[in-house]
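Nothing in this text is a laboratory measurement; each read-out follows from the coordinates by a stated rule. As the structure is a prediction and not an experimental result, all values here were calculated from the model. Using ideal geometry, Cβ is built from the backbone for each residue, glycine included, and neighbour counts are taken over all protein chains shown.
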4 protein chains.
Amino acid sequence: MATVPAEPIRDIAHLGHVEMLTTNLDASVGYFHDVLGMEVSGEAPGSAYMRAFWDYEPASLKLTASEQAGLGHVAFRTMSPQALDRRVASLARSGTEGSWSEGDFGHGRSFQFLDPDGHQFEIYYDTERYAPPPELRPALKNQPQRFPARGVGVRELDHVNLLGLEPAENRVFLEEHLALRLTEQILLDDGSEAGVWLASNQKSYEIVYTRDATGTPGRFHHLAYLVDEREDVLRAADICLEYGVEMESGPHKHAIQQTFFLYTWEPGGNRIEVCAGGYLILDPAHEPVVWSQAERAKGQAWGMQTVASFHIKGTPPVPQEEELLAGH
Amino acid sequence: MATVPAEPIRDIAHLGHVEMLTTNLDASVGYFHDVLGMEVSGEAPGSAYMRAFWDYEPASLKLTASEQAGLGHVAFRTMSPQALDRRVASLARSGTEGSWSEGDFGHGRSFQFLDPDGHQFEIYYDTERYAPPPELRPALKNQPQRFPARGVGVRELDHVNLLGLEPAENRVFLEEHLALRLTEQILLDDGSEAGVWLASNQKSYEIVYTRDATGTPGRFHHLAYLVDEREDVLRAADICLEYGVEMESGPHKHAIQQTFFLYTWEPGGNRIEVCAGGYLILDPAHEPVVWSQAERAKGQAWGMQTVASFHIKGTPPVPQEEELLAGH
Amino acid sequence: MATVPAEPIRDIAHLGHVEMLTTNLDASVGYFHDVLGMEVSGEAPGSAYMRAFWDYEPASLKLTASEQAGLGHVAFRTMSPQALDRRVASLARSGTEGSWSEGDFGHGRSFQFLDPDGHQFEIYYDTERYAPPPELRPALKNQPQRFPARGVGVRELDHVNLLGLEPAENRVFLEEHLALRLTEQILLDDGSEAGVWLASNQKSYEIVYTRDATGTPGRFHHLAYLVDEREDVLRAADICLEYGVEMESGPHKHAIQQTFFLYTWEPGGNRIEVCAGGYLILDPAHEPVVWSQAERAKGQAWGMQTVASFHIKGTPPVPQEEELLAGH
Amino acid sequence: MATVPAEPIRDIAHLGHVEMLTTNLDASVGYFHDVLGMEVSGEAPGSAYMRAFWDYEPASLKLTASEQAGLGHVAFRTMSPQALDRRVASLARSGTEGSWSEGDFGHGRSFQFLDPDGHQFEIYYDTERYAPPPELRPALKNQPQRFPARGVGVRELDHVNLLGLEPAENRVFLEEHLALRLTEQILLDDGSEAGVWLASNQKSYEIVYTRDATGTPGRFHHLAYLVDEREDVLRAADICLEYGVEMESGPHKHAIQQTFFLYTWEPGGNRIEVCAGGYLILDPAHEPVVWSQAERAKGQAWGMQTVASFHIKGTPPVPQEEELLAGH
């Protein structure tokens, strides 16, 4: 029998949206609209807001034109206004600088700050529920939007993966200040953490940090949209093939988290995953699953060795990537 | 923008297990082992404890030999010991009688009480994590047990459906005393509730009450095990056909909750569902989806009219069922 | 060990295309283009020619505007010019009237005749291979056309089902004059045949006759397009739901032929099936599978009783249908 | 319009069975029974006969204990006794030596001969239809055997792949003497053929020759069993992972033939594929699809580069394999 644990805190409800910088806004919108089957739900100068059919908020993706690809910001919604205040207070206690914003398309005021690696974060509570225009009204009222019978037809935003100098440092920061929970991690023989997977809710992960092989802080690895079935990921690969979308790796199954994945490059320069599967964590006292260096070396679940570019490339690109790739 | 809500309470972690009474214990064990692909993890005089491969506790099903089929009890695990105390205090305040048990196979002390309809409930916190014997050890360490390549291969306990005289009364009881959250409901033109779906976590439902057409209190409708893909439900139907298992309805898709289902009758007399799909509720202020009498009359998602027996039969069986069925 | 059989004749290569009459040509084209994901490959006054992405000829469907829905004609391609001559000679020997046509969009000269029930048939050998325009060129050269990531995305024409006064009479006609092979049949207790399934190649069926419950000769029951996976049929139902397409029956699995099916009504008045599965017949001396009246009464593979309209309605509609439906 | 072709000859009905040599008969039987879900239908000293549930003949695989892994023989069934005589006459005319056998478990007399590379072939017509024992009787009478809800549950023998010094020479031999038809091929810049895919029926291939990288004649590459859905191949990978079966490559999709594949090594030393998909060839005048050296270099359909061992290893193993692998 377990000993009495402290009561778990849960102040974050879920990963809300991601802003991604693109070197070709129109082409990126085309990728998410035509290939992934998402909708443009809002626009602003230099930016487009997009959504998948099961996202309950108006947008889960903000695309912003930029000289370089990469992350704009990552936003989490809190469980309540009070939870938002508690998280801001926690950040203030630690001396983390931040500032309030009046909000953006689809959500209200938010607090913005940087993680130890320099990625921009945002937390907010006030939000809107998506109200579809007539042509996007669903047949079933428990569904936020009509299922788009176009392209992959991704369901909803799933997770974001950031590169970091020290995943452990960023993990501790998110555990302390957002009360996220570590669910799986890679622990190298030297005691450092090569990757950490965290979640705010029953999902087994919403945000991942993996070590940046180039030693550059603040870079972006990928974001992922969810589909219902593994077959949908295979179908996504068939569709990407027809559209000439570059596929970097997969479809295959991750050993860590057991997600079935396909990694592609969108035309604005960022790596995008389509995924299915994974698992829910029901145990309130779940212990993180720790993968050793030797276990990690076995490759993916069914034995595929991950391509070198996956471990090296991020956005924005840096010159060291080419040197490292040449060494493989 | 939403108004400031009260902070949501979450004291229940998840549906833990269900005890089901069977008129043929050996045949029921055979159904769950051979057809559904579950394992017997424990035994007691007159009872067998069974588990699906992704259940993290030792058992999600207790089968107990009985003169009549039906529900033994429904158990929920709390988020913490403190949450258990809070729930017991809430029940005591309302005058609900209950008693402490020392625990059962796989979990520690629990508090037992009846819902307004007379179904037996149990809540507990202390539990064990399943430790598989060598032949059931999984290849991937983030998985509780080896995937059984036998029969349907159900993943984990999904939900339980109880019949009730007044679903609304039972709903209010679970909202107040277990802090469960209503996610969908059927609201008839006369203002009564024909069905209510509730959850303790991000799942869109774990327990359902639907109105007992025979006016009998305390009966059981079905329990459901989850599979990963809709194809697995189709494959389950192929397997049931070969095993001579009676299929009552499906495979088809529910409009409510959008679950893809197959209802079967296990040889001990109870209705068992194999399901896939559904959705997660990420919004902490999610409003219940209300289906009107007219909307409900449209049948299932793709138009199939549900067979009459589904709306009438429960366990234990009562004579009024035959009269009602004859009227269809 | 088998006795020495006569050498099997195979003069027909495959079901080539179907002409269907529609009361609303534009709406029918919209259904096949938007919902099923087919392409318009040709046009003529009052007609549109359409194709699925894996059809190797330019069109598998000719839609022709008409006062009433129903069959235009059914066309089979022969194995060779010589085979075409042999089949025409066989028809002539039996006194069947027919006439040569110069061909139509996508294929060359053809011989046209009626089956005993009065359905229009056509056989031809000369044909074209589809040459896609640039925007429909496939990524893989062994595929006739780019996979359309739109709607259901049906693969290719699968089969056609005709209603007949006496299925047996039509079966004998196709066996004798087209050398088609009976693969499955329903044999009623009175010795008559309620349904016959025939094929020209390894497919287990390409054309079906079922008895017309209204006693009207020459009517059309449905045509079917194939998808790769059962999941694609489920996805088709999700898409039809969003498009407001009427679904008559399914998704479910036929006992006969084991096809996984969904029957819908297209807006021009005809019943259209989306199907997956079935089987190949490799045995050159395959014996037809005979289903008795009692076996047939068991319903579909997993126990669903087929809706009455499926056994009664055909196109063009006749007044007797309503009387028969009222009797159910 | 096409010019008038000669009438196609079709004397071979289908790939009938394969005899495979195993260094560990018991372990091989265990692999095919437990992991692939096949049945042992017959036994002889040193051999076991096995079948998949949709094979209509008693066995599609003969496993024979041997010092070295590799091919025993490949057997094709003819369309008729007359076709068998024609094929034997054709072989005799070319001076190919061969001999009649009285038959083996499940089939009657057969003619045995070698291909140019020295692989043992067999052709036969007389055969038995599988009559299942009571415990293997199917629920649906159009199915040869009960669906085994065990392991992968493969459906039927799909194809065999042989290594050859010159695939072109073997292709010409099979075209001339078995009247098989070339459907796809790899044509290198030097005009030689690196791989040829042939079929006797509407299937797009039943037998493949690829060039032996070690320059050894008569070796075996793999045989393949078919499953219905791509998801079944993914599930096969999950099962192989749990059973500790070595997976060499996949799941992924071939560009050539578009088959979705998983290659594994069975414990008796041979490479075994589980596959889904592919396509039917309905056009009686289908032109082979020719892949150039440059097209082939693009890797598999979705871009995965095939592992070196796939292009080098065969059975029986030869020392040159290690040298070649070291060079990669």
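Residue by residue along C:172-182, Cβ atoms of other protein chains within 10 Å of the local Cβ number 0 on average. Here B:Val152, C:Val318 are placed in order of increasing Cβ neighbour count within 10 Å, fewest first, which gives C:Val318, B:Val152.
Scanning chain A for the Cβ atom closest to the axis that brings A onto D yields residue and whole-Å distance A:Glu231, 3.
Per-residue shielding of C:293-306, expressed as the average number of other chain Cβ atoms within 10 Å of the residue Cβ, stands at 3. Remark: label point of C:Lys141 defined 7 Å out from Cα along the Cα-Cβ vector; separations to the same position in other copies 4.9, 5.0, 5.6 nm, ascending. Taken about its Cα centre, region C:164-216 carries a charge dipole of about 240 debye when Lys and Arg each add +1 at the Cβ and Asp and Glu each add -1 at the Cβ.
Would you work out if region B:38-120 is rounded, prolate or oblate? Take a ≥ b ≥ c from the square roots of the eigenvalues of the alpha-carbon gyration tensor; rounded if a/c is under 1.5, else prolate when a/b is larger than b/c, oblate otherwise. In terms of gyration-tensor shape, oblate. Pairs exceeding 19 Å between alpha-carbon atoms, taken from A:Lys141/A:Lys203; A:Lys253/D:Lys253; A:Lys298/D:Lys298; A:Lys203/A:Lys298; A:Lys298/B:Lys141: A:Lys141/A:Lys203; A:Lys298/D:Lys298; A:Lys203/A:Lys298. Each residue of region C:107-118 was assigned a 3J(HN,Hα) from its phi angle through the Karplus expression (A = 6.51, B = -1.76, C = 1.60, θ = phi - 60°), giving 9, x, 4, 9, 10, 10, 7, 10, 7, x, 8, x Hz with x at Gly and Pro. Extending 7 Å from Cα along the Cβ direction at B:Glu128 and again at D:Ala65 yields two label points whose distance is 4.3 nm.
A dipole drawn for chain A from +1 and -1 charges on Cβ atoms has a positive end, and of A:Val290, A:Pro317, A:Ala59 the residue lying farthest that way is A:Ala59.
Magnitude of the charge dipole for region D:1-61, about its Cα centre and with charges confined to Cβ atoms of Lys, Arg (+1) and Asp, Glu (-1), is about 140 debye. Here the ratio of the Cα radius of gyration of the protein assembly as shown to 2.2 N^0.38 Å is 0.94. With runs of 4+ DSSP H residues as the only contributors, calculate the mean residue ellipticity of chain C at 222 nm using -39,500 (n - 2.57) per run, divided by the residue total and rounded to the nearest 500. Result for chain C: -5000 deg cm²/dmol, rounded to the nearest 500. For the peptide A:282-289, the mean number of other protein chain Cβ atoms found within 10 angstrom of a residue's Cβ is 6.
3J(HN,Hα) along region A:57-70: 8, x, 8, 10, 9, 10, 9, 10, 5, 7, 5, 9, 5, x Hz, from the Karplus curve 6.51 cos²θ - 1.76 cosθ + 1.60 with θ = phi - 60°, whole Hz, x for Gly and Pro. For B:Glu128, inter-copy separations between label points set 7 Å beyond Cα along the Cβ vector come to 5.0, 5.4, 7.3 nm, shortest first.
Going from the residue with the fewest nearby Cβ atoms within 10 Å to the one with the most, C:Trp54, D:Trp100 rank D:Trp100, C:Trp54. The H on the amide N of C:Gly218, modeled in the peptide plane, is under 5 Å from the matching H of C:Leu165, each at least 5 residues off or on a different chain. Under a 5 Å amide H cut-off, with hydrogens placed 1.01 Å from N, D:Thr22 pairs with D:Thr64, D:Ala65, D:Ser66 among residues at least 5 apart or on other chains.
Could you tell me whether region B:213-328 comes out rounded, prolate or oblate from its Cα gyration tensor? Rule is a ≥ b ≥ c as square roots of the eigenvalues, rounded for a/c under 1.5, then prolate if a/b exceeds b/c, otherwise oblate. It is oblate, given that a/c is not under 1.5 and a/b is not larger than b/c. Say we join alpha carbon atoms closer than 10 Å with springs in a Gaussian network model of chain D; which of D:Asp34, D:Asp158, D:Asp104 then has the biggest fluctuation? In the Gaussian network model the winner is D:Asp104.
For region A:155-245, the relative contact order is 37 percent, taking Cα pairs closer than 8 Å that sit 6 or more residues apart in sequence and dividing their mean separation by the residue count.
Around the amide H of C:His252, modelled in the peptide plane, lie the amide H atoms of C:Phe261, all under 5 Å away and 5 or more residues distant in sequence or on another chain.
Short-range pairs are left out: with C-alpha atoms under 8 Å and at least six residues apart, the relative contact order of chain D is 18 percent. Around the Cα centre of region C:20-107, unit charges on the Cβ atoms of Lys, Arg, Asp and Glu (plus for the first two, minus for the last two) sum to a dipole of about 460 debye. Using a Gaussian network model of chain A with C-alpha springs under 10 Å, which one of A:Leu223, A:Leu280, A:Leu36 is most mobile by mean-square fluctuation? The residue that fluctuates most here is A:Leu280.
Taking other C-beta atoms within 10 Å as the exposure proxy, B:Asp190, B:Asp26, A:Asp115 rank B:Asp190, B:Asp26, A:Asp115 from fewest upward.
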